[in-house]
Every structure is written in C-alpha cells, then in structure tokens.
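Undergrad: Right, I'll just put the structure down here and ask away after.
Computed from the coordinates by the stated procedures, all read-outs in this text should not be read as laboratory data. In this text the structure is predicted, and so the values were computed from the model without any measurement. For neighbour counting, all protein chains shown are included, and Cβ atoms are generated from backbone atoms with ideal geometry for every residue, glycine included.
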C-alpha cells in the first residue's frame, strides 16, 4: 500500500454537520487511531431548499448567516464544501435562482467545489463561478467504458465512478492512468444494476424543483433494508481490505454515501472506513459522548 494521502469525501455537510465536525477534530487530535494517510477531502451535500440540488431531496431553508457559519467552519479546517448541483431536470430559467446563486457567492473563495450533471447548469457555473472545482457526478450513470474514458479526458477535477463499475477489473485497469482523478463510491445504499435509477434521479430532481415531498416513486427495492450491515453484503460494496488494492492501483479518492439516511448509517460508515480496527471502541465512545454533549441546548439567556 502506498504512503500517499488518501482522501475521503463525507456526506451531509448540513445534516451531519456535528458528526462531521467531531470526526474532523478527532482526526486532528488522535491521528494514530485513524487509518494511515487518510484525510477528509471534502464534505458534500446542499443547503436545504436549493433547487439545483439532486440525488436526494432536501427541503427547508438556511439563513445567510447560518450558511456563512457552516461554510467558514469547514473551510477553516482546510476542508472544501462540495455542492450537489445535480438536479437533472433543470432548464435555462432555473440557473438564475436567487437562493442558489447566493450560496455560490458566499462560497466563492477558490476552495469549494460543485458536482455537476446537467449541461445547462454546468455551462452557467463555468461562466459565472470559475473558481469552483467541477466534479462529474455519478448521477450521469456512465457505465460504458468508452464514454467513461471521454469523461476523464475532459477538464473535470474529479469524475465519480458509477458504482456498478466498482469491481469491473477491465474498466479499473483501463482508467488507471486517470486513477488519481477518479472518485469511488464505497457504500451506496441502492442496489447495483437497478434499471430505474436514472428515472429515480429525475423524480427526485422534480420533487426538489417543485417543493413536492409527497409524490411517491415505485422503487423496486423500496421495502429492502437500508442498514450499513445489509449494505456490506451488496455486490458494489468495497471492504477495507479491497480498498488497499484500489490504493495500490493509484485510486486515492473515496466517497462515503449517506445523504438521506439516518445518522447511525453515517456513524457506522465513518467508523468502519476511517478508524483502525483496534481503536474503534475508543473512537465510538468519543463520538457518542461528543454528540450527546454538542446536541444539548446551551444555558438560557
């Protein structure tokens, strides 16, 4: 295994804000208890209510002051915030959305990033916000080897691999020259090979755009369990032992899924992937204690 730095991209920069901050601090305070060379490469997600968001619906709203505080918290640690601007049904009129443009202006410091999949929005972002690193989203569903090569030939900072290709040795070997620009999703909760995934992404995009939390989707796996333990049994899952092989091939960017999942899913994922086996009990106890302490309301004024 190489001694190079390995970058992990964590979900839910708003919803899992406290958990993420705890891990950032613990990795600084107890580096010997985490896997060697592991760093937090970014935190991804969206501020609630942003219509450019895709992949998972996130309703609500965040004040300008709170946006700035959250962005400054992550950036002060040297960690980029990555926006999931992957709504697949956007039109030209939507790129001028006031709320989303406010987010971009507040985050426009040369450190932060955007995930993209829709040409109309990507072109707008390239023109209006050139300081953001652009990342090609897994929601594009690029599973053809030639199309993947063409995507990697473009000027994206990173390309997130479709997780149906996670264990495709022929594809992994072909993209080794670009390995340090490929991001691999290690614990996706959806089932590999799902024929409705693109349709589901579009449905989630429409819900976000139309502020509609009630329209159901006939997911073929809706009744399946979504625990981390169950996810570990799925074909696309990548174990810690297998990650060593990916690193040896030159892959250094790994993404932990978790948006839209309970916090316990994120907690188990972080503990499994980031922490050395012999220190898991110590870190788990620290995380649980700090979560309890930081979630308690302060004294009334």
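Undergrad: Could you work out how far the C-alpha centroid of region 159-230 sits from that of region 65-139, in angstrom?
TA: 21 Å
Undergrad: While we're on this one: Would you mind estimating how fast region 112-240 diffuses translationally, via Stokes-Einstein at 10 °C and 1.306 mPa s with the Kirkwood radius over Cα pairs, in µm²/s?
TA: On the way: Rh = 16.4 Å.
So the translational diffusion coefficient is about 97 µm²/s.
Undergrad: Gain in length, residue 168 to residue 75, computed as 0.36 nm per residue apart minus the alpha-carbon separation, to one decimal in nm?
TA: Full extension from residue 168 to residue 75 adds 30.0 nm.
Undergrad: Here is a further query. With the contact rule set at Cα under 8 Å and sequence spacing of 6 or more, what percent relative contact order holds for the chain?
TA: On the way: 457 pairs, mean separation 69.0, N = 301.
So the answer I get is 23 percent.
Undergrad: Taking springs between alpha-carbon atoms closer than 10 angstrom, which of 83, 254, 30 fluctuates most in the Gaussian network model of the chain?
TA: 30
Undergrad: Shifting gears a bit: Between residue 153 and residue 277, how many nm apart are label points set 7 Å from Cα along the C-beta direction?
TA: The two pseudo-label positions are separated by 4.4 nm.
Undergrad: Write down, largest first, the equivalent ellipsoid semi-axes of region 163-299 in whole Å, where each equals the square root of 5 times an eigenvalue of the alpha-carbon gyration tensor.
TA: Numbers: eigenvalues 146, 136, 38 Å².
Ellipsoid semi-axes (Å, largest first): 27, 26, 14.
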